[in-house]
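The values are calculated or read from the model by the stated rules, or taken from the named source; none is laboratory data. What you see is a predicted model; the values in this text were computed from it and never measured. For neighbour counting, all protein chains shown are included, and Cβ atoms are generated from backbone atoms with ideal geometry for every residue, glycine included.
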Amino acid sequence: MNAQRPLVAVYPGSFDPVTRGHEDIARRCLRLADQVVVAVAHTATQKKATLFDVDDRVTMIGEVFADEPRIICTSFQGLLVDFCRSRGAQLVIRGLRAVSDFEYEFQMAQMNQELSDDLETVFLTPDVNYSFISASLVREVARLGGDVSAFVSPPVLRRLRTAFQETP
Ligand code: PNS
């Protein structure tokens, strides 16, 4: 930890809901940064209807990282670069699971670089066991009654069950 200027990384996303893949990325990020701010976007670049509202998503992420004081969670409105500036963040973290993620991620990273040259985007790859997990697939499997307990942490699993009215 650099006491003069702690290295702050923002890990932004929709997190609808946070998966074990997201968790793995945030925890890996602690190897690079002193503090990780998991930031739930009110305004995602790709329009999509969400299952959980922003406050629920922030609460779930807080529960998932309750053991790790260096990971905090909040939401943000507007441009990511403005939020990063307001938090004194130097890094934006994004996870890359597959080549198919690359085009969208590369475009966003370059746009953010144009908007704020002080910020660096760092791509992290999740553990291979999590590389096929996406929040959208988790939602779909849960909605159709499948077992998603391997893909999300218990606080998230509870809310998915409530959302889809399954018995535990
Ligand atoms: O998990 P997602 O949906 O892929 O995350 C996308 C997100 C939230 C990181 C992106 O949509 C974003 O940064 N939104 C904030 C608005 C913004 O800054 N848009 C321009 C990004 S180039």
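Quick look at the values:
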{"read-out": "Residue within segment 97-120 that is more than 9 Å from the ligand (Cβ to nearest atom), touching a Gly at 6+ places or on another chain (Cβ under 7 Å) and within 21 Å of THR43 (Cα to Cα) present", "value": "no"}
{"read-out": "Boolean, VAL148 is closer than 21 Å to ALA66 by Cβ, within 16 Å of the ligand (Cβ to nearest atom) and modelled with pLDDT of 95 or more", "value": "no"}
{"read-out": "Criterion (over 17 Å from VAL122 (Cβ atoms), more than 12 Å from the chain's Cα centre (by Cα), in contact (Cβ under 8 Å) with a residue 40 or more places away in the chain and not in a helix (DSSP H, G or I)) met by exactly one of THR45, THR50", "value": "THR45"}
{"read-out": "Only listed residue being among the hydrophobic types (A, V, I, L, M, F, W, C) and touching a strand residue (DSSP E or B) at 6+ places or on another chain (Cβ under 9 Å), chosen from VAL64, VAL99, VAL141", "value": "VAL64"}
{"read-out": "Check on ARG57, charged (D, E, K, R), within 15 Å of the chain's Cα centre (by Cα) and within 10 Å of the ligand (Cβ to nearest atom)", "value": "no"}
{"read-out": "Test for ARG31: is it basic (Lys, Arg), on the phi < 0 side of the Ramachandran plot, assigned to a loop (DSSP other than H, G, I, E, B) and modelled with pLDDT of 95 or more", "value": "yes"}
{"read-out": "Which numbered condition ALA44 misses (of (1) at pLDDT below 95; (2) farther than 23 Å from ARG143 by Cα)", "value": "(2)"}
{"read-out": "Restricting segment 29-57 to residues that are among the β-branched types (Val, Ile, Thr) and surrounded by fewer than 20 Cβ atoms within 10 Å (Cβ to Cβ), the residue that is farthest from LEU7 (Cα to Cα)", "value": "THR50"}
{"read-out": "Any hit, segment 73-90, residues being within 16 Å of THR19 (Cα to Cα) and either at pLDDT 95 or above or within 11 Å of the ligand (Cβ to nearest atom) (or both)", "value": "yes"}
{"read-out": "Close pairs (6 angstrom Cβ cut-off, 6 or more residues apart or separate chains): free of Cβ contacts under 8 Å to residues at least 60 places away in the same chain in segment 69-81, more than 14 Å from the ligand (Cβ to nearest atom) and of a type outside the set (Gly, Ala, Ser) anywhere", "value": "ARG70/LEU30; ARG70/GLN35; ILE71/VAL36; ILE71/PHE65"}
